[in-house]
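Each reported figure results from applying straightforward, stated rules to the coordinates on display, with no laboratory input. For clarity, every value in this text was computed on a predicted model and none was experimentally measured.
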Amino acid sequence: MKANHTKAPWLVQIDEDRNDSSLTTIKVVDGSRESLTHPQGALTLANIQTFSPHLKEGIANAHLIASAPDLLDALKGAVGYVEMEGGYLNDPYWYTAAKCAIAKAEGKA
């Protein structure tokens, strides 16, 4: 199945303004070579707005967003393995939670 989202890698870019934290920018960008070398700059996937004292939280949120494609792939692999082994019958809560998270990530929930 073809993914509709921008493929990994996604990268976090931080442009910190040490004098005024409200001017610090945090972005999640397409980390593909084509995007990073584009004359107009990398494709921005998300802008994280934050300010002091929440700068660390904003950076952590950006890293979580940037990991989304990798997490989705890992979760799909885990669900596929559990289905192949029949393990979802032993622990339906985690299996259902994983399936719901995948649906949410794919815009189906």
Exercise. With a ≥ b ≥ c the root eigenvalues of the C-alpha gyration tensor of segment 9-95, is it rounded (a/c under 1.5), prolate (a/b larger than b/c) or oblate?
Worked result: oblate
Problem set entry | Sequence-distant residues sharing a close amide H with Ala46 (under 5 Å, placed H) | Val28
